[in-house]
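Taken together, the values in this text are just the output of simple stated rules run on the coordinates, not laboratory data. Keep in mind the model is a prediction, meaning the values are calculated, not measured. Positions of Cβ are backbone-derived with ideal geometry, glycine not excepted, and every protein chain shown enters the neighbour counts.
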Ligand SMILES: [Fe+2]
């Protein structure tokens, strides 16, 4: 018996079952459309997610699975669906072995693994920069270039040899075409911040001092600044010193927001202390007079226990996020913050054309009252007031992140377009992409595109407008 076989104890895990269960087929299909496919919807909707290729050895965590991309290409009145694994170097090694080599974050890290104790799955996020689709990983590492629309993995991408490692959620400035990036580590420097220029190479990089290693997930940008975050969620330091990983949260420590000029040195960060919290995802930030406004999904305590039937958990992580606004005054150094809603939402998206600039709307998946993280609809927010309208998917139907696709020829309004998401029926396993008019979010979808296989619940997505794509052959 191999070491992997000895360690393989497939513990029942809800994130391996039902609408989360991985699939092992990769297909390309011209899909049936129910309703009228809008003529002014042209481009590719692509979504990343966790889809373990081999039975995971040891205790599985939803964040461990191999990356799989699902995409719908809207072109010439057709909607073509494709799904492909992100063929990372680690997955290729496992394919050669015919079984999983890496265990996940719930197991003791094994530093003898090639490339590190955890497998870089590139399963988390996507960004389309300078004609390249990049798949990114939540723990940080090399990103992978993906061919569009074929979804074939081209290979590791390192920005012309200038940037070898970055984490999920870089921010693309829609005006300058700069990509604002960060990375974090358990060893100093705990946080590295940088800017990839419009030429595709790293033009700025600086280390940012933190009190210790942190589990970070996102940042936000304005036209001139970046907002970095130091939330008190971390690997337990004593266990980490023993080579073990267990996440811990320190509610006695503040949530710190670090405002830095986009191209400034890490020593110039201006820190603002706010009420202790965690936040996986920001929505947007912008400058308003002396203030920087930040809107996102605040979680008071990401490890609090209890109420597991109504508030979803991913292992020990408790997801009870609410729309929240912070205002950081650059002159006085003060913070004003306020909750904007009391409805649980996460995986928010907005009109990327306004990222870093004043925006009004967000499209935020609505968390179902369930033990697992399931979205039973989405909320269209006015993030300046908290006003909202809700679209529900129906009984036992669960969606993913809701991407916003501006209409071809759209005005500057950040709801002049469509909201798209994959929806899966947990009872039948049927999946579809729904296309909703963003200005009439409570209405029935404009059309539904039937996907001829079940699409597991996943993570982040991207909309690539047709005019950003190279001419395609639809193969
Ligand atoms: Fe994320």
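What 222 nm value per residue comes from the helices of the chain, counting each DSSP H run with n ≥ 4 as -39,500 (n - 2.57) and dividing by all residues, nearest 500 deg cm²/dmol? Walk me through the numbers on the way to the answer.
Details: 3 runs with 19 residues, N = 475.
Taken over the chain, the calculation gives -1000 deg cm²/dmol.
Grab the beta carbon distance between residue 238 and residue 412, set R0 = 41 Å, and tell me the FRET efficiency rounded to 0.05. Numbers along the way, then the final one.
On the way: r = 52 Å, r/R0 = 1.27.
My answer for the efficiency is 0.20.
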- Pairwise FRET efficiency - residue 440 versus residue 78, Cβ, R0 = 25 Å, nearest 0.05: 0.50
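Scale the Cα Rg of the stretch 296-414 by the rule-of-thumb value 2.2 N^0.38 Å and send over the ratio, two decimals.
On the way: Rg = 15.7 Å, N = 119, 2.2 N^0.38 = 13.5 Å.
So the stretch 296-414 has a normalised radius of gyration of 1.16.
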- Using alpha-carbon positions, what is the distance between the centroids of the stretch 384-445 and the stretch 242-279, in Å? 33
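For residue 308 and residue 132, compute 0.36 nm times the residue count separating them, minus their Cα-Cα distance, and round to one decimal in nm.
Working it through step by step, the gained length comes to 59.3 nm.
Give, in nm to one decimal, the length gained when the segment between residue 185 and residue 253 is fully stretched (0.36 nm per residue of separation minus the Cα-Cα distance). Each step should come with its number before you reach the end.
Values: separation 68, 0.36 × 68 = 24.48 nm, distance 1.98 nm.
Difference between extended and current length: 22.5 nm.
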- Modelled label reach - residue 267, point 7 Å along Cα→Cβ, the stretch 195-217 residues with backbone N closer than 14 Å: 206-209
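Which value in Å is the Kirkwood Rh of the chain over different Cα pairs? Present the calculation step by step, with values, prior to reporting the outcome.
On the way: mean 1/r = 0.0444 Å⁻¹.
Kirkwood hydrodynamic radius for the chain: 22.5 Å.
Note down, for the stretch 31-88, the three equivalent ellipsoid semi-axes (square root of 5 times each alpha carbon gyration tensor eigenvalue), biggest first, whole angstrom.
On the way: eigenvalues 205, 20, 15 Å².
Equivalent-ellipsoid dimensions as semi-axes: 32, 10, 9 Å.
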- With label points set 7 Å from each Cα along the Cα-to-Cβ direction at residue 30 and residue 453, the distance between them in nm comes to 2.0
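If the chain between residue 99 and residue 336 were fully stretched, how many nm would it gain, using 0.36 nm times the residue separation less the Cα-Cα distance? Spell out each step's value before the answer.
Values: separation 237, 0.36 × 237 = 85.32 nm, distance 5.15 nm.
Fully extending the segment from residue 99 to residue 336 adds 80.2 nm.
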- Task: Give me the distance between the Cα centres of the stretch 133-199 and the stretch 324-382, rounded to whole Å.
- Result: 24
- With a point put 7 Å past each Cα toward its Cβ, work out how far residue 154 is from residue 392 in nm, to one decimal. 4.5
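What ranking do 280, 418 get, fewest neighbouring Cβ atoms within 10 angstrom at the top?
On the way: 280 22, 418 26.
Listed from fewest to most nearby Cβ atoms, that is 280, 418.
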- Measuring from centroid to centroid over Cα atoms, what is the spacing of the stretch 94-125 and the stretch 28-64 in Å? 22
